[in-house]
Amino acid sequence: MYYNNDTLIYLNGKFVKANETTTDLYSQTLHYGYGVFEGIRAYATGNGTSVFKVKEHYERLKKSAELITIPFHYDVQELVDATYMLLKKNNLSDAYVRPLVFCDPNMALTKPNNVSIMICAWEWGAYLGDKQLRLNVSSFCRPHPRSIKIEAKVCGHYVNSILATNEAKDKGFDEALLLDSDGFLAEGPGANLFFEKDGVLFTPKLGNILPGITRATVLELAEELGIEVKQGLFEPKDLFAADSAFYCGTAAEVIGIKSVDDTKFPTAWNDSLGKKLQDAYSKRVKETPTTATTFSTTLS
């Protein structure tokens, strides 16, 4: 699904065959989830392949590593260039890109001396599909921000997401909705939450959620479209009383929510603010920045 005999990945400065690559079974990342990663999307445009907000993603990767004291000696621009080269070598345009910083062997609970970086890519549709979602409020909550660096995209944090998603699917729902440790609305297992009420958009404030790059893009688009957005602490009852809602994330893009715990939202998706933002987002990601044009025409 993710690679074949011809697929290349980027590993520590070189392009190598995915099926010929090995990793050490004593890595801290494998044993303790001590690693950081990103999810990035590339889109085919009229002027070539464009990787959406690629620098922002690599800057967040660097920040995530710094927050959990993983050494990060990589140049962001070199990683951007490597990403475009990787896509070209694998003949990919519309693709999902996954950079991963992983640690050397170390069974101690100490910061690593050395790390590696891998970048891979594959064709992947919208992670949550294209139909409106039926959500279940999870019995699992997001970790307390004093227990981890909640703003870092850390491998081990996603066990929490896996547990919540599996619980929701086992109950017959499409996806989970997590609250924070104080019972306020937080986010999905891999996406940020927005909801609409009386023509105003609401979203949980930063502090107990991952600061999504897609979330930031939605906020930019809302401002451009003249949509009022309020960020704050909201209770589940606020969501149940909402007119509509949606999730957003790099893998999920912008996807409407049909119901939460079988309580349906009254506004039709096509009439919602979420639909306007979904259309605007789809248009924005396929615009070609000048940097992307340069990469797509100069890399060999």
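The values are calculated or read from the model by the stated rules, or taken from the named source; none is laboratory data. Small disclaimer: the values here were computed from a predicted structure and weren't measured. Reconstructed Cβ throughout: ideal geometry from the backbone, glycine too, with neighbour counts over all protein chains shown. Keep in mind that these areas ignore ligands, DNA and RNA; they rest on the heavy atoms of the full protein, side chains included. Shrake-Rupley method; radii C 1.70, N 1.55, O 1.52, S 1.80 Å.
Within the accessible area of the chain, the carbon and sulfur atoms contribute 50%, probe 1.4 Å, all protein chains present. With protein chains left intact and a 1.4 Å probe, residues in the chain average 48 Å² of accessible area per residue. Taking the three principal axes of the alpha carbon atoms in region 8-123, the coordinate ranges are 50, 30, 19 Å, sorted in descending order. Packing around the peptides 176-189, 2-15, taken as the average count of other Cβ atoms within 10 Å per residue, puts them in this order, highest first: 176-189, 2-15. When +1 charges are put on Lys and Arg Cβ atoms and -1 charges on Asp and Glu Cβ atoms, the dipole computed for region 133-285 relative to its Cα centre reaches about 320 debye.
Label zone (Asp130, point 7 Å along Cα-to-C-beta; backbone nitrogen cut-off 20 Å) within region 173-202: 174-175. Listed cross-link partners Lys17/Lys153; Lys149/Lys275; Lys62/Lys275; Lys17/Lys149; Lys169/Lys230 are compared with a 28 Å cut-off, the Cα-Cα value being larger for Lys149/Lys275; Lys62/Lys275; Lys17/Lys149; Lys169/Lys230. For the chain, the relative contact order is 20 percent, taking Cα pairs closer than 8 Å that sit 6 or more residues apart in sequence and dividing their mean separation by the residue count.
At 1.306 mPa s and 10 °C, plugging the Kirkwood radius over alpha-carbon pairs of the chain into Stokes-Einstein gives what diffusion coefficient in µm²/s? Using the Kirkwood radius from Cα pairs, D works out to 79 µm²/s. Sorting the segments 201-207, 158-164, 108-114, 229-235 by their residues' average number of neighbouring beta-carbon atoms within 10 angstrom, most packed first, yields 201-207, 158-164, 229-235, 108-114. For the pair Lys63 and Asn4, a Förster radius of 30 Å applied to the C-beta separation gives a FRET efficiency near 0.35, rounded to the nearest 0.05.
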